[in-house]
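Below is one structure, written out as structure tokens, with a few remarks after it.
No value in this document is a laboratory result; all are computed from the given coordinates. Fair warning: this is a prediction, and the values are worked out from it, not measured in the lab. Every residue, glycine among them, receives a Cβ derived from its backbone with ideal geometry; neighbour counts consider all protein chains shown.
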Amino acid sequence: MVVVGQNAVALNSRIRAHPTGDLLSRNAETAFFPKDGILAWAGKAADMTINATIGVAKGPDESGKMKELYIPTVMRQLKNLSPEGAVAYSPPKGIADSKDKENEDVTIPGLGTRWKEMQLEKNPTLHGIDTSTPIATLGLTGASYLALKLTCDHGDEIITTSHYWENYGLMADDIGARIKTFKTFVEDGKGKIIGGLNIGGLREMLLAEGDKKTLLLNFPNNPTGYSPTIEEAGKIRDVIFEAAEKGKKITVIIDDAYFGFLFTPDAYGESLFSLLANVHENVLAIKVDGPTKESYVWGFRVGFITIASAGMTKDIYAAWEEKMAGMIRRSYSNGPTPSQKALLAAYGKNADDPTYGQYLAEKKVIDKIIEHRFRAMQMEFELNKNGLYVPVPTVGGYFSCFALVAEQMGNVTAEDLALKLHEEPYSTGIIPMSRTEFRVAFSGVPIESEGENLKGRDMRQLFVNISAACEDIRR
């Protein structure tokens, strides 16, 4: 039975006020735009002095106006596109390998092939392990949705952490599946976080009744920014192996949207895909990644999907790739050519290509800005902490979460705090994630040293405002 949420029911009622409302499909009956979701809160904060709502990297221009940061090499390739090259269709799998016009014995890598080479650079454990060739999708959302459509049926459960991106729920609704969560962190009996990743909760879910399991893991996590330690990553692999050995058939979707944004030394530095690609023949590992965050091209709408499993032959991989291409063809047909071509040109023909070297150097500059903002966030919290809210464990990403201390804040909710921060003199945007937790997108909040005239709208002011608003609202 399809469960239709209250927001969708309200829309359905309004649509059915007209005779054409009877034409609404059963699938569309479950759809709604989250009016209290991330994008809605971001819209409310769009014109505020400090906007810590959306996961982008912004910095001040010469006039002090906040604008999206970008990698110059990528933008140059976009400008260099010929009109005929920009308007042509790209294949459903993405720009393909091609022969060098001057030497047909030389193959020029397409986007999927080049991305796979880059995956190996960033995940050396994958060397020697067979995987599929990454297929380009319509953003990482498109890759995540394709992964779920590939493996989930109506009525299936999708296991994930209790802290998860809201779009997972919308995707589950669309395919008739349902999200089932385990507590992200080890907690005491009162819900207070007292430890790291809740491996025991994950194990319990995987070993529960039912032979088919779908597990969706996102690290660094949105919204918390947490990622497993080296020890925790090994334990995740072990419990998945244990469940597979007991006959469970497990799809593990690894959402690597924020891959590489790790700012503590004990975090596992590779994708979990490295540990799971060859873990067991009963485990299908699906890596969802892409340039959206890694290459700072949020609007390019390019993502990738890669699969792996122990014992898969090249023929089986080819069949999976054709299956994915078929699903793309029957939905949005193909991805945006200008974005794909600009990225492929920026990534160069190989790791030794000077253009790729320049891309990496320019990317490192923005990476460092994000890291400095992460450390500034931690410092400013410490300088302004008042015992009314505490940080949720984090190691990087684009976001961090904070939890109101119930003993101090009483019945005040994270939404109450977010609304208070909208008022003057605060003019600050954050995202309430649950009754007591709120998310801060530190990636988009500068620190004072980044430019002139930032005082009053930088990371320091953000935490001055949060602490003051907490004091204000509980009076």
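FRET efficiency for the Ile194 to Leu24 pair, using the beta carbon distance and R₀ = 56 Å, is estimated at 0.75. If R0 is taken as 30 Å, the Cβ-Cβ distance between Arg14 and Tyr332 corresponds to a FRET efficiency of 0.60. In terms of its C-alpha gyration tensor, segment 332-415 has an oblate overall shape, because the principal axis ratio a/c (a ≥ b ≥ c, square roots of the eigenvalues) is not below 1.5 and a/b does not outweigh b/c. Relative to the 2.2 N^0.38 Å rule of thumb, segment 278-388 has a C-alpha radius of gyration ratio of 1.51.
Rounded if a/c is under 1.5, else prolate if a/b beats b/c, else oblate: with a ≥ b ≥ c from the C-alpha gyration tensor eigenvalues square-rooted, which is segment 356-469? The shape class here is prolate.
Show me the ranking of peptides 189-197, 263-271 by mean Cβ neighbours inside 10 Å, starting with the highest. Working shown, then result.
Numbers: 189-197: 12.9, 263-271: 17.2.
Sorting 189-197, 263-271 by mean packing, highest first, produces 263-271, 189-197.
Between the residues Val288, Ser400, Met171, the greatest Cα displacement towards the positive end of the dipole of the chain, with unit charges on the Cβ of Lys, Arg, Asp and Glu, is found for Met171. Placing +1 on the Cβ of every Lys and Arg and -1 on the Cβ of every Asp and Glu, with no other charges, gives the chain a dipole of roughly 740 debye about its Cα centre. Using only the Cα atoms of segment 146-191, each taken as one equal point scatterer with no solvent, compute I(q) by the Debye sum, divide by I(0), and report log10 of the ratio at q = 0.24, 0.30, 0.34 Å⁻¹. With one equal scatterer per Cα and no solvent, log10 I(q)/I(0) is -0.82, -1.11, -1.29. As a length-normalised measure over Cα pairs under 8 Å and 6 or more apart, the relative contact order of the chain settles at 22 percent.
Using the Cα coordinates of segment 87-232, the gyration tensor eigenvalues translate into equivalent-ellipsoid semi-axes of 36, 20, 14 Å, sorted from longest to shortest. In segment 91-335, one over the average inverse separation of all distinct C-alpha pairs is 18.5 Å, which is the Kirkwood hydrodynamic radius. The trypsin sites (Lys or Arg not before Pro) of segment 39-84 meeting both criteria, a DSSP state outside H, G, I, E and B (loop) and at most 13 other C-beta atoms within 10 angstrom of the site's C-beta, are Lys65.
Of Lys99/Lys363; Lys44/Lys67; Lys35/Lys363; Lys44/Lys287, which ones are farther than 23 Å apart at the Cα? Intermediate results must be reported in sequence, preceding the final value.
Details: Lys99/Lys363 29 Å; Lys44/Lys67 18 Å; Lys35/Lys363 35 Å; Lys44/Lys287 34 Å.
Among Lys99/Lys363; Lys44/Lys67; Lys35/Lys363; Lys44/Lys287, the Cα-Cα distance tops 23 Å for Lys99/Lys363; Lys35/Lys363; Lys44/Lys287.
Three semi-axes describe the equivalent ellipsoid of segment 155-219; taken as square roots of 5 times the Cα gyration tensor eigenvalues and ordered largest first, they are 22, 15, 9 Å.
If each DSSP helix of 4+ residues adds -39,500 (n - 2.57) and the sum is divided by the residues in the chain, what number results at 222 nm, nearest 500 deg cm²/dmol? Calculated from helices alone, the mean residue ellipticity at 222 nm is -12000 deg cm²/dmol. Going by the alpha-carbon gyration tensor, a ≥ b ≥ c the square roots of its eigenvalues, is segment 177-276 rounded (a/c under 1.5) or, if a/c is not under 1.5, prolate (a/b greater than b/c) versus oblate? The shape class here is oblate. Within the chain, DSSP assigns beta bridges of which about 55% are antiparallel (rounded to the nearest 5).
So what's segment 81-141 giving for Cα Rg divided by 2.2 N^0.38 Å, two decimals? Write down the numbers at each step before the final one.
On the way: Rg = 14.0 Å, N = 61, 2.2 N^0.38 = 10.5 Å.
Compactness ratio reported: 1.33.
What the Cβ-Cβ distance of Arg474 and Glu382 gives, at R0 = 22 Å and to the nearest 0.05, is a FRET efficiency of 0.60. Within the set (1) 51; (2) 29; (3) 24, the number that percent of Cα pairs over 37 Å apart takes when calculated for this structure is listed as (2). Remark: the Glu102-Lys314 segment gains 73.3 nm on full extension, using 0.36 nm per residue and subtracting the alpha carbon distance.
Would you mind checking segment 343-370 for residues with the amide N under 20 Å from a putative spin-label position 7 Å along Cα→C-beta of Glu84? So the set is 345.
Taking the Cα centre of segment 91-335 as reference, the dipole from Cβ charges on Lys and Arg (+1) and Asp and Glu (-1) amounts to some 500 debye.
Considering only Ser132, Asn218, Gly189, the residue lying farthest towards the positive end of the dipole of segment 119-250 is Gly189, judged by Cα position with unit charges set on Cβ. Peptides 250-260, 21-31, 380-390, 453-463, ordered by how many other C-beta atoms sit within 10 Å of their residues on average, highest first, read 250-260, 453-463, 380-390, 21-31.
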